[in-house]
Amino acid sequence: SGLAPEIAYFRWTNPATGVEKPFDANTQLVKPNGDILVHASDRHNLLRPETVESLFILWRITGEAKWRDYGWRIFEAFEQWARLPDGHGYSNLLDVTVVPPQHADKMETFFVSETLKYLYLLFSDSSTVPLS
């Protein structure tokens, strides 16, 4: 879907013992030979603002176009998967590891008040809201 799950875990090896923390393939999604684990109960997406807020700040600090590119990909994924079929709003997603993800019939207020705000600022002129 191009969107992240609510929670992801990194594969971890205990440095003292060299033993890798075990995981259960029945309850966790693991990319082959990957380092990121996702529990079945964490595969939802609440359309949170933290990632796009970080992209906005990184864009303003560095001026590197890649931060806007990442933000645009997230926006496109929201439009493709979270926007309701009738076009009248957005919905949380139940499982971002399947395409198409199913809507949760709920939209958190922070999606409009924060997530969309930071996407707007990411693509606005820097004078719109100066960081100084």
Checklist outcome for this item: In the range 41-65, anything farther than 15 Å from residue 124 by Cα, without any contact (Cβ under 8 Å) to a residue 40 or more places away in the chain and charged (D, E, K, R) is listed as 42, 50
Checklist entry - Counting only residues that are part of a loop (DSSP other than H, G, I, E, B), open to solvent by 40 Å² or more (accessible area, probe 1.4 Å) and of a type outside the set (Val, Ile, Thr), how many does the range 91-103 have? => result 3
Item to check | Top-ranked residue of the range 66-90 - restricted to ones that are free of Cβ contacts under 8 Å to residues at least 12 places away in the same chain and open to solvent by less than 60 Å² (accessible area, probe 1.4 Å), ranked as farthest from residue 5 (Cα to Cα) | outcome: 87
Checklist entry - Inside the range 105-132, can you point out the residues that are hydrophobic (A, V, I, L, M, F, W, C) and open to solvent by 70 Å² or more (accessible area, probe 1.4 Å)? => result 107, 112, 123, 131
Item to check | Condition check for residue 2: of a type in the set (Gly, Ala, Ser), within 30 Å of residue 120 (Cα to Cα), modelled with pLDDT under 90 and assigned to a loop (DSSP other than H, G, I, E, B) | outcome: yes
Checklist entry - What is the residue count in the range 9-23 for residues that are small (Gly, Ala, Ser) and either open to solvent by less than 90 Å² (accessible area, probe 1.4 Å) or part of a strand (DSSP E or B) (or both)? => result 1
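The values are calculated or read from the model by the stated rules, or taken from the named source; none is laboratory data. This one's a predicted model, so the numbers in the text were calculated from it and none came from an experiment. So basically every Cβ, Gly included, is an ideal-geometry build from the backbone, and we count neighbours across all protein chains shown. When the accessible area is computed, the model is the full protein with side chains, heavy atoms only, and any ligands, DNA or RNA have been set aside. Shrake-Rupley method; radii C 1.70, N 1.55, O 1.52, S 1.80 Å.
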